[in-house]
């Protein structure tokens, strides 16, 4: 357990916990002074005996040392990958992101769980997202994920212009029968300008990408 001994001599301490039935033990390595409130958890190992848990922790620390010694690949940012998710899948992805944020990033950008760190860095080739970056990602994924705007047409938010009132992008969706796109556009324009037409349902996007559906017919009743 050379790596574990080096950690104890130079960085921190280890806490051993066990379940009441004695079936499993966890050994946690903390960096910092002998104070659980100020020390930062680094890695943990699990085993069916205290010795097995310490051996697992030693392996985790050894792998973490190897990972930290290897520089991240200096490659350009990968292209955006548009998600194709249904509502249940998106809800699960958001839940996983928030859980990862709460469980693994509360103490800082260092991810203590080596397996999760390996996933978050794509095998050590990428810099993992920080807590604020996960906030931004969740917000992007939450941009009208199941509205009609996402079923075949992507509409970007309006630019962040300064002015007396914030800028909004208003989208009108309608299905019309027509011989070609031009006729369809003219038909939609006639419906919009017809005073006898029913008030439309509009999708309003603010500059942060949040979408709200407004039924003008309901708002007038």
Quiz item: Failed condition for residue 117, given (1) surrounded by fewer than 17 Cβ atoms within 10 Å (Cβ to Cβ); (2) in a helix (DSSP H, G or I); (3) modelled with pLDDT of 80 or more, with all others met?
Solution: (1)
Exercise. Report, by residue number, each residue of region 105-114 that is in contact with a helix residue (DSSP H, G or I) (Cβ under 7 Å, 6 or more places away or on another chain), farther than 15 Å from residue 137 by Cβ and either free of Cβ contacts under 8 Å to residues at least 60 places away in the same chain or assigned to a helix (DSSP H, G or I) (or both).
Key: 111, 114
Exercise. Please tell me if residue 149 is surrounded by fewer than 16 Cβ atoms within 10 Å (Cβ to Cβ), within 30 Å of residue 212 (Cβ to Cβ) and either in contact with a strand residue (DSSP E or B) (Cβ under 8 Å, 6 or more places away or on another chain) or at pLDDT below 85 (or both).
Key: no
Quiz item: within 18 Å of the chain's Cα centre (by Cα) and modelled with pLDDT under 75: does that describe residue 87?
Solution: yes
Quiz item: With 173, 198, 192 as the choices, which residue is within 34 Å of the chain's Cα centre (by Cα) and in the same structural domain as residue 156 (by TED's automatic domain parsing)?
Solution: 173
Self-check item: Residue under evaluation residue 33, criteria (1) modelled with pLDDT under 80; (2) not in a helix (DSSP H, G or I), criterion not met
Solution: (1)
Self-check item: region 162-221: number of residues that are at pLDDT 85 or above, exposed (fewer than 12 other Cβ atoms within 10 Å of the Cβ) and under 23 Å from residue 139 (Cβ atoms)
Solution: 1
Quiz item: over 22 Å from residue 115 (Cα atoms) and modelled with pLDDT under 75, is that true of residue 10?
Solution: yes
Quiz prompt | Scope region 123-135; condition surrounded by 12 or more Cβ atoms within 10 Å (Cβ to Cβ) and assigned to a helix (DSSP H, G or I); matching residues | solution = 131, 133, 134, 135
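The values are calculated or read from the model by the stated rules, or taken from the named source; none is laboratory data. This structure is a prediction, so every number in the text was calculated from the model and none was measured. Neighbour counts run over all protein chains shown; Cβ positions are idealised from the backbone, glycine included.
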